[in-house]
1. Go through region 4-25 and report how many residues are of a type outside the set (D, E, K, R), in contact with a Ser or Thr (Cβ under 6 Å, 6 or more places away or on another chain) and open to solvent by 50 Å² or more (accessible area, probe 1.4 Å).
2. Scan region 51-73 for residues that are under 16 Å from residue 12 (Cβ atoms) and either at pLDDT below 95 or open to solvent by less than 50 Å² (accessible area, probe 1.4 Å) (or both) and jot them down.
3. Go through region 13-30 and report how many residues are hydroxyl-bearing (Ser, Thr, Tyr) and out of contact with any Leu (no Cβ under 7 Å at 6 or more places or on another chain).
4. From the set of residues in region 26-50 that are under 14 Å from the mean Cα position of the chain (by Cα) and assigned to a loop (DSSP other than H, G, I, E, B), which is surrounded by the most Cβ atoms within 10 Å (Cβ to Cβ)?
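The values are calculated or read from the model by the stated rules, or taken from the named source; none is laboratory data. Note that the structure is a prediction, hence the values are computed from the model and not measured. Cβ sites come from the backbone with ideal geometry, for glycine too, and all protein chains shown count toward neighbours. These accessible areas exclude ligands, DNA and RNA; they are computed on the full protein's heavy atoms, side chains included. Shrake-Rupley method; radii C 1.70, N 1.55, O 1.52, S 1.80 Å.
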Amino acid sequence: MIEVGKKYTLVMLELTDAGYCKGSTGVTVTGRDGNLIEVNGCEVINTASPLFHSLTDDEGQKAYFEKLEASLF
């Protein structure tokens, strides 16, 4: 679930001379309406676009891996 006010790493596909590649940037989600998310208060991203790859909750991912590592020991 995408949460307003949370920081994410946004990954989008970008067209280069060599073809498509992934580009990533840190963003804060400032609004949401269906498939559209507003990031950093000024840019709207369509999450249904074929160029949208992912949003990663870095804090959530870190907490998950710390919990997983703790359960192994």
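1. 1
2. Across region 51-73, the qualifying residues are 52, 54, 55, 56.
3. 3
4. It comes out as 47.
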